[in-house]
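The values are calculated or read from the model by the stated rules, or taken from the named source; none is laboratory data. Everything quoted here is computed from the prediction, not taken from an experiment. Neighbour counts run over all protein chains shown; Cβ positions are idealised from the backbone, glycine included.
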């Protein structure tokens, strides 16, 4: 997932995507704890995607705040 793709989405869509990724992260953590994690690299990818979405949400919130001033 690229940041440019995320910037085209609405805040609501980004929140939904973030919720899905957090659920996936939780499931991956549970699998890792049980020793059943099939693809360990997926954990790092999910973490980075969460960070990208949070960054874009902050950017959008900042641009909305400056637009209203």
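Worth a mention:
- The one condition from (1) surrounded by 10 or more Cβ atoms within 10 Å (Cβ to Cβ); (2) in a helix (DSSP H, G or I) that residue 12 does not meet is (1).
- Region 14-38 - residue that is without any contact (Cβ under 8 Å) to a residue 12 or more places away in the chain and under 11 Å from the mean Cα position of the chain (by Cα) and, of those, farthest from residue 57 (Cα to Cα): 23
- Set 65, 38: member being part of a helix (DSSP H, G or I), at pLDDT below 95 and loosely packed, with under 10 Cβ neighbours inside 10 Å: 65
- If you go through region 29-53 and keep only what is more than 30 Å from residue 12 (Cβ to Cβ) and in contact with a helix residue (DSSP H, G or I) (Cβ under 6 Å, 6 or more places away or on another chain), you end up with just 37.
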